[in-house]
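Undergrad: Please see the structure below; I have some questions.
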Amino acid sequence: MAAKPKLYYFDGRGRMESIRWLLAAAGVEFEEEFFETREQYEKLQKDGCLLFGQVPLVEIDGMALTQTRAILSYLAAKYNLYGKDLKERVRIDMYTDGTLDLMTMIMGGVFKPPVEKEETLASVVKSAKTRYFPVFEKILKDHGEDFLVGNKFSWADIQLLETILMVEELDASVLSDFPLLKAFKTRISNIPTIKKFLQPGSQRKPPPDSHYVALVRKILQF
Amino acid sequence: MPGKVKLHYFDGRGRMESIRWLLAAAGVEFEEKYITSPEDLDKLRDDGRLMFQQVPMVEIDGMELVQTRAILNYIASKHNLYGKDLKERALIDMYIEGVADLNEMIIVFPGHPPEEKAAKLALIKEKTTNRYFPAFEKVLKSHGQDYLVGNRLSRADIHLVELIYNVEELHPGLTNNFPLLKALQTRISNLPTVKKFLQPGSQRKPPLDAKCLELAKRIFRLP
C-alpha cells in the first residue's frame, strides 16, 4: 500500500499552504511533520533531503520533492487537475503563476517591519482588485462556464479560491465588484473535499500571526 | 502556414532571455518586436494583449502567452525537453526552480542602488558556491550521465548552462571547483543549436549595460 505523502514545514501557511489545498481538494490524505526547533531543520539539511537546503519538502512516491512549483505541478498532473492537453495546461500555468505571485507577496509581507508590511498588504489588495481579479472575472464571463479552464475542475480553480480567501482576510469587500467571482467562490467552496478542508479541524492553517513569524525567523535564522 | 513565434519585450535580457535560450536550443526560429518606449507598453496593455499587464509576452500557436514559467513550460513540452514522464518532469521542475531562484538575483542585480551592489554581488557568489552549484554537481556525480535528468537533453540542462554563463559574467572562475558542471557547460555549448546561439550575431542579448537599464526603467516607469 502506498504511503501517504508527508509534508515537512512549519506549523503555518507559508509556501506549503497551496500544496495542502491541492492535496485536500484532490481528496488525498497527507501527514505533516512540523519544525519546532532549528535542530530539526538542520538535521533534514544534513540528511541531504533538501536539494537546495530549503523547505517545503514533500515526500511522495519515493521522491523527496522540494521547490513549491515543482511539487504543485506534480500533484496537479498526478491527480488530473492539469487540463486535458498542452493548450489547457498553459492556461492553467498562466492563471496559477499569476495567483501564486499575488499570494507570495502576502507571504513576504508578513515578515516586514510594521509600516512596510501595511504598505505591502495594501498594495496586494490593490493589485488583486485592479490587475488580477478583473482578469478572472472576464475569463468566467467570456465562457460562462463553472470552472476556469476546459469546463472542468482544475488546479487553477483551487488556487484562485485560495487566493480570494487570502485577500478577503485583508479586505473583506474585495469581491464587491466581481459577481462572477463571488459565485465562483461559493461554488468551489461547496465541492465536498474543499468544503471539508474549510471546516475547523482540517489541516488548513490559520493566517500568520506574530508567533508564526517569530518561529520561522528562529528556525531559518533571519 | 502557422505564424512564427514572436517575442514582445525590450531589447535586453531580463525575463525574456531564458525563453530566447530555450527556443534557440530547441531550434525554433523566432521574431522579436521590441518595446522601445512606455507608449509601446501602454499600447500592448490597452489592446488587451497582456493578461496581467506584464511582459514577457509570446505569440505562439495562435495564443498570446504571458508569465515566464507558463511560456517556458509550453515550449519545453512542445519540443520534448521536459522529460519522458511525470517523475522526470518533477525532477526537472525541482532543478529549474532552483536555477530560476539564483537567476532571479542576477536579473534584478543591475537595478539595485550603487551602495547595495557589493553586498548583492557577494550574496550571489555565496549562494552559487554554497547552495546551487554543489547541488547540481552532486546530481551529475550521482548518476554519472551526460545530462541532468533521464540520460537525455532536457530544459534543465539548457537553463542551468545559461545560469552558469550568467554567473561567470559576474564572478569569473566560479565553476573551477565544479568539474562536472564545467563539462556539462562545454557539452551543451557544443550542441549545434546552442553553439550557433552563442556566436555573435545571434538573438542572444548582451549583459545589461547602463544605457539598457535606463531604457528598461523608462519603459516600465520605474524610479
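Undergrad: Within the stretch A:154-174, which residues are surrounded by 21 or more Cβ atoms within 10 Å (Cβ to Cβ) and part of a loop (DSSP other than H, G, I, E, B)?
TA: Correct list: A:154 only.
Undergrad: Would you confirm whether or not the stretch B:7-24 contains a residue that is modelled with pLDDT of 95 or more, touching a strand residue (DSSP E or B) at 6+ places or on another chain (Cβ under 9 Å) and under 23 Å from residue A:76 (Cα atoms)?
TA: There is no residue in the stretch B:7-24 that is modelled with pLDDT of 95 or more, touching a strand residue (DSSP E or B) at 6+ places or on another chain (Cβ under 9 Å) and under 23 Å from residue A:76 (Cα atoms).
Undergrad: Could you check, for the stretch A:71-81, whether at least one of its residues is of a type in the set (D, E, K, R) and either touching a Lys or Arg at 6+ places or on another chain (Cβ under 8 Å) or more than 10 Å from chain B (Cβ to nearest Cβ) (or both)?
TA: No: the stretch A:71-81 contains no residue that is of a type in the set (D, E, K, R) and either touching a Lys or Arg at 6+ places or on another chain (Cβ under 8 Å) or more than 10 Å from chain B (Cβ to nearest Cβ) (or both).
Undergrad: Still on this structure, I have one more. Quick check: anything in the stretch A:86-103 over 30 Å from residue A:49 (Cα atoms), open to solvent by less than 20 Å² (accessible area, probe 1.4 Å) and more than 10 Å from chain B (Cβ to nearest Cβ)?
TA: No, the stretch A:86-103 contains no residue that is over 30 Å from residue A:49 (Cα atoms), open to solvent by less than 20 Å² (accessible area, probe 1.4 Å) and more than 10 Å from chain B (Cβ to nearest Cβ).
Results for (1) surrounded by fewer than 13 Cβ atoms within 10 Å (Cβ to Cβ); (2) farther than 27 Å from residue B:153 by Cβ, shown as yes or no for each residue.
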| residue | (1), (2) |
| --- | --- |
| B:8 | no, yes |
| B:13 | no, no |
| B:18 | no, no |
| B:31 | yes, no |
| B:55 | no, yes |
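Undergrad: Could you check the stretch B:94-111 and list, in sequence order, the residues that are over 21 Å from residue B:73 (Cβ atoms) and without any contact (Cβ under 8 Å) to a residue 12 or more places away in the chain?
TA: Listed by number, the list holds a single entry, B:108.
Undergrad: With B:64, B:59, B:88 as the choices, which residue is at pLDDT 95 or above and under 26 Å from residue A:64 (Cα atoms)? Steps first, answer last, please.
TA: Details: B:64 fails: under 26 Å from residue A:64 (Cα atoms); B:59 fails: under 26 Å from residue A:64 (Cα atoms).
Every option except B:88 fails the conditions.
Undergrad: Let me ask another. Could you list all residues from the stretch B:91-107 that are more than 13 Å from the chain's Cα centre (by Cα) and either over 14 Å from residue A:66 (Cα atoms) or open to solvent by 30 Å² or more (accessible area, probe 1.4 Å) (or both)?
TA: The first filter runs over the stretch B:91-107 and keeps only residues more than 13 Å from the chain's Cα centre (by Cα), leaving B:91-95.
Correct list: B:91 only.
Undergrad: A further question on this structure: Can you spot a residue in the stretch B:109-119 that is surrounded by fewer than 20 Cβ atoms within 10 Å (Cβ to Cβ) and closer than 28 Å to residue A:56 by Cα? Write out each step before concluding.
TA: We begin by selecting, within the stretch B:109-119, every residue surrounded by fewer than 20 Cβ atoms within 10 Å (Cβ to Cβ); these are B:109-119.
So of that shortlist, the ones also closer than 28 Å to residue A:56 by Cα come out as B:109, B:119.
Scanning the stretch B:109-119 turns up at least one residue that is surrounded by fewer than 20 Cβ atoms within 10 Å (Cβ to Cβ) and closer than 28 Å to residue A:56 by Cα.
Undergrad: Are there any pairs, at least 6 apart or on different chains, whose C-beta atoms fall under 7 Å, with the first in the stretch A:172-196 and under 15 Å from residue A:144 (Cα atoms) and the second open to solvent by 20 Å² or more (accessible area, probe 1.4 Å) and assigned to a helix (DSSP H, G or I), and if so, which?
TA: A:178/A:137; A:180/A:137; A:180/A:141; A:181/A:137
Undergrad: Considering only residues of the stretch B:163-210 that are of a type in the set (Lys, Arg) and in a loop (DSSP other than H, G, I, E, B), which is farthest from residue B:13 (Cα to Cα)?
TA: Residues of the stretch B:163-210 of a type in the set (Lys, Arg): B:182, B:187, B:195-196, B:204-205.
From what's left, in a loop (DSSP other than H, G, I, E, B): B:204-205.
Values: B:204: 8, B:205: 6 Å.
Once the filter is applied, the top-ranked residue is B:204.
Undergrad: Something else now. Please identify the pairs in which a residue from the stretch A:204-222 that is farther than 24 Å from residue A:158 by Cα has its Cβ atom under 9 Å from the Cβ atom of a residue that is exposed (fewer than 11 other Cβ atoms within 10 Å of the Cβ), counting only partners at least 6 apart or on another chain.
TA: From residues that are farther than 24 Å from residue A:158 by Cα, the pairs are A:212/A:206; A:216/A:222.
Undergrad: Can you confirm whether the stretch A:123-145 contains a residue that is open to solvent by 80 Å² or more (accessible area, probe 1.4 Å), among the polar types (S, T, N, Q) and assigned to a helix (DSSP H, G or I)?
TA: Applying the first criterion (open to solvent by 80 Å² or more (accessible area, probe 1.4 Å)) to the stretch A:123-145 yields A:126, A:129-130, A:138, A:141-142.
Retained after the next criterion (residues that are among the polar types (S, T, N, Q)): A:130.
Pick out the ones that are also assigned to a helix (DSSP H, G or I) and you get A:130.
Yes: one or more hits.
Undergrad: Of the residues A:87, A:43, which single one is over 22 Å from residue A:222 (Cα atoms) and basic (Lys, Arg)? Let's see the steps before the verdict.
TA: Details: A:43 fails: over 22 Å from residue A:222 (Cα atoms).
Unique residue meeting the criteria: A:87.
The values are calculated or read from the model by the stated rules, or taken from the named source; none is laboratory data. Keep in mind it's a predicted model, so treat the numbers as computed, not measured. For neighbour counting, all protein chains shown are included, and Cβ atoms are generated from backbone atoms with ideal geometry for every residue, glycine included. Note: accessible area is taken over every heavy atom of the protein model, side chains too, but ligands, DNA and RNA are not part of it. Shrake-Rupley method; radii C 1.70, N 1.55, O 1.52, S 1.80 Å.
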